[in-house]
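Engineer: Can you read through this structure? Questions will come right after.
Just so you know, all these numbers are worked out from the coordinates, no wet-lab data involved. All values derive from a computational prediction rather than experimental measurement. Cβ sites come from the backbone with ideal geometry, for glycine too, and all protein chains shown count toward neighbours.
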Amino acid sequence: MEKINYKKSLGQNFLYDKNLLNAIASDGLVDSSSTVLEIGAGAGTLTRVLCERAKRVVSFEIDLSLKPRLDELTNEFINLEMHYQDFMESDLNALDLKSARVVANIPYYITTPISFKLVDNIDKFKSILVLIQKEVAERFAAQPKTKDYGITSVILQSIFDVKITRIVKKECFTPSPKVDSALVLLVPHNKYKIGNFVEFKQFVHSAFAMRRKTLVNNLKNDFDKQKIVDALKILNFNENARPEEIDVKNFINLFKMLKNA
Ligand code: SAM
């Protein structure tokens, strides 16, 4: 097999350590009943471990130069479905992904669009484990009153339990990226009845528009100022509260109170 010519432009940082690959499959909660969605098969090292453990693996890879390698894997495992396609252009409704588990070492350059696509298809997944840059994972999992807590933390935690399961040092990848990574597990929950999720996301964006401003100042173009102050008071917050002080549950409470007002 030809030597791999790693393409930085496609976020190609591959993993070869079998212990780490097994740990990723375990953190991703993969067992013999699982349908797994993988994004970016690369040289197929994680794909192989997933095929050994899962019932069915659906995997995407955009780089056709890796096809000969991955075709060998497809011949070896009848439970593997390879799609040589841009994941962002794929139609997930056509894939029969009911209750699937996502396990993916995702290309850094499209972490955000991939995450949004997964969030928009939350009904198809039992869990989502992604290996991403550590600082992005820390934003996903951040708690109120910390510097990392913001739009991404509130939106993700309003629909998922979010947990960093493991830090993966940059030296574990071939080639090594510049920064460390982390595995983050997202498990959908139904703790809150949010109602209109699209509007809720817009609300959170407005609330954090200027981090240094108070929440009232950030929201006063969208809602009556006094109503915001009153709602905050009912929720036991001061009218000078800043967005990073409001926990996820109270963001949802505030959204509902202001929208119904
Ligand atoms: N899973 C392998 C591993 O862990 O060693 C490779 C992970 S590497 C970080 C990301 C992979 O995603 C690369 O093989 C890259 O070619 C592929 N990729 C990049 N953009 C993609 C896209 N839009 N759709 C599908 N695959 C993509």
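Engineer: Can you work out ³J(HN,Hα) from phi for every residue in the range 64-75, in order, using Karplus 6.51 cos²θ - 1.76 cosθ + 1.60 and θ = phi - 60°, giving whole Hz and x for Gly and Pro?
Structural biologist: Result, ordered by residue: 5, 5, 8, 4, x, 4, 6, 5, 4, 5, 5, 5 Hz.
Engineer: One quarter of the convex hull surface, Cα atoms only: what value does that give for the range 1-145 in nm²?
Structural biologist: 9.1 nm²
Engineer: Follow-up. For the chain, just run the numbers: alpha carbon Rg, then divide by 2.2 N^0.38 Å, N being how many residues it has. Write down the numbers at each step before the final one.
Structural biologist: Details: Rg = 20.6 Å, N = 261, 2.2 N^0.38 = 18.2 Å.
So the Cα radius of gyration is 1.13 times the expected 2.2 N^0.38 Å.
Engineer: Show the residues, 5+ positions off or on another chain, whose built amide H is closer than 5 Å to the amide H of residue 161.
Structural biologist: Residues meeting the criterion, in which the H sits 1.01 Å from N, are 187, 189.
Engineer: Let me ask something else. Among residues other than residue 181 whose Cβ falls under 14 Å from its Cβ, what is the net charge (Lys/Arg +1, Asp/Glu -1)?
Structural biologist: 0
Engineer: Can you tell which of 127, 221, 64 lies farthest toward the positive end of the dipole of the chain, using +1 and -1 charges on the Cβ of basic and acidic side chains (Lys, Arg; Asp, Glu)?
Structural biologist: Positive-most Cα among the choices belongs to 221.
Engineer: Something else: Among 129, 37, 92, determine the one that fluctuates most according to a GNM of the chain built with springs between C-alpha atoms less than 10 Å apart.
Structural biologist: Among 129, 37, 92, the largest mean-square fluctuation in the Gaussian network model of the chain belongs to 92.
Engineer: For the chain, find the longest principal axis of its Cα atoms and tell me its angle to the long axis of helix 18-27, 0 to 90°, nearest 10.
Structural biologist: So the helix axis and the longest Cα principal axis differ by about 40 degrees.
Engineer: Something else now. Would you kindly compute the Cα radius of gyration of the range 151-261 and its largest Cα-Cα separation (Dmax), both in Å?
Structural biologist: When restricted to the Cα atoms of the range 151-261, Rg and Dmax are 17.2, 56 Å.
Engineer: Between 154, 187, 179, find the one with the highest GNM mean-square fluctuation for the chain; connect C-alpha pairs within less than 10 Å.
Structural biologist: In this elastic network of the chain, the residue with the biggest mean-square fluctuation among 154, 187, 179 is 179.
Engineer: Hey, another quick one. Relative to the longest principal axis of the chain, what angle (0 to 90°, nearest 10) does the C-alpha long axis of helix 197-207 take?
Structural biologist: Helix 197-207 and the main axis of the chain meet at about 60 degrees.
Engineer: Express the C-alpha Rg of the range 1-83 as a ratio against the empirical globular expectation 2.2 N^0.38 Å, rounded to two decimals.
Structural biologist: Expressed relative to 2.2 N^0.38 Å, the Cα Rg reads 1.04.
Engineer: Per residue of the range 248-253, what does 6.51 cos²θ - 1.76 cosθ + 1.60 with θ = phi - 60° give for ³J(HN,Hα)? Whole Hz please, x for Gly and Pro, Karplus curve as stated.
Structural biologist: Values per residue, Gly and Pro as x: 4, 4, 6, 4, 5, 4 Hz.
Engineer: Write down, largest first, the equivalent ellipsoid semi-axes of the range 197-259 in whole Å, where each equals the square root of 5 times an eigenvalue of the alpha-carbon gyration tensor.
Structural biologist: Whole-Å semi-axes of the equivalent ellipsoid: 14, 13, 12.
Engineer: Please find, in a Gaussian network model of the chain (springs between Cα atoms separated by less than 10 Å), the residue of 165, 112, 74 whose mean-square fluctuation is greatest.
Structural biologist: Of the options given, 112 has the highest mean-square fluctuation.
Engineer: For the range 166-236 and the range 54-103, what is the separation of their Cα centres, given in Å?
Structural biologist: That distance is 32 Å.
Engineer: With +1 on each Lys and Arg Cβ and -1 on each Asp and Glu Cβ, how big is the dipole of the range 197-259 about its Cα centre, in debye rounded to the nearest 20?
Structural biologist: The calculation lands at about 100 debye.
Engineer: Oh, and also: For the chain, what is the charge dipole size about the Cα centre, in debye to the nearest 20, if Lys and Arg each add +1 at the Cβ and Asp and Glu each add -1 at the Cβ?
Structural biologist: 960 debye
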